[in-house]
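Have a look at the structure below before the remarks.
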Amino acid sequence: MHQRTTIRLAASATAVIAAALSLTACGPDDGDGAAKTSSPAPVSSAPSNTAAGAASSTPTSPPASGPAGAGASIASHAPVSPASGTSAGATPACSVSAVAATARQAADRPDGTGTGAAVVEFTNASGHACVLRGHPTVAGAGNGSPEHNRPLKVTPTGLASPVRLAPGGKAWLKLTFHQVQGEGDGYCASGAKPAVFPTLVVGLPGAGAHQVALSDGEFAECDNTVTATAVSAVKPS
């Protein structure tokens, strides 16, 4: 009986030791698994850094100091405005002395007894190409110094594009006035008194001011107001 009890106790002790060893062996694996699940930052940090690196290595627009590559290709397909075109962009503006200006009454003008409308013609009188552009300034003046003038209120109409003039080339703009009505001294629909100027002083951006007179009369208008087109290579009527 004593021997059987000893054997049972020994077997029980062996079983307890084996169970303890089994639990000890399993403990570190479970602990490592729990740590990986509760600390995802090290795992996710690598992909996020990679994505950030990829995003930073692909700029949305080519740097100004970078190679011509993709940036040049994009620029070559962009619309080019007339002002930045090769011929106009490389040609200097017409100086005052390079341009000769004349004026005539327009065929297409408002009904009335005043000037109604006038066409101003610019001719490149120099020996080299130059560019005119923009809407004009307009002032009424006498036959004397163009500095003694009365500025008119200009309402610009239409788009302005540069016009390249070869030597002898021409460009035009049209001025439309508030028309004088009636005979004799006439009258203005607004009730104002008509104004009469022997000449006009017409200025263009970068090309100075030019004094012009009509070949057949004077400029008669109302309200000191004029609508002006931009200088153009197309001759108006």
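Read-outs throughout are calculated quantities, based only on the coordinates presented, and are distinct from any laboratory measurement. Note that the structure is a prediction, hence the values are computed from the model and not measured. Here Cβ is always computed from backbone atoms with ideal geometry, including for glycine, and neighbour counts include all displayed protein chains.
Charge tally around GLY144: other residues with Cβ under 15 Å, Lys/Arg +1 each, Asp/Glu -1 each, net -1. About its Cα centre, the dipole of the range 146-237 is roughly 480 debye, where the only charges are +1 on Lys and Arg Cβ and -1 on Asp and Glu Cβ. List the residues whose amide H sits under 5 Å from the amide H of LEU152, counting only those 5 or more places along or on another chain, with H placed 1.01 Å from N in the peptide plane. The list, which skips near neighbours in sequence, is VAL138, ALA139, GLY140.
As an exercise, identify the chymotrypsin sites (Phe, Trp or Tyr not before Pro) in the range 103-187 lying in DSSP coil whose Cβ has no more than 11 other Cβ atoms within 10 Å. Write out the running numbers ahead of the final one.
Values: sites: PHE122, TRP172, PHE177, TYR187; in loops: none.
Listed in order of number, the matching sites amount to none.
For ASP223, the residues 5 or more places off, or on other chains, whose built amide H falls under 5 Å of its own are ALA195. No solvent, one uniform scatterer per C-alpha: report log10 I(q)/I(0) for the range 84-237 via the Debye equation at q = 0.12, 0.17, 0.18, 0.19 1/Å, two decimals. The computed values of log10 I(q)/I(0) come out as -0.49, -0.92, -1.02, -1.11. Remark: the range 227-237, residue by residue, has Karplus-estimated 3J(HN,Hα) of 9, 10, 7, 6, 4, 9, 7, 9, 6, x, 8 Hz, where x stands for each Gly or Pro and the curve is 6.51 cos²θ - 1.76 cosθ + 1.60 at θ = phi - 60°.
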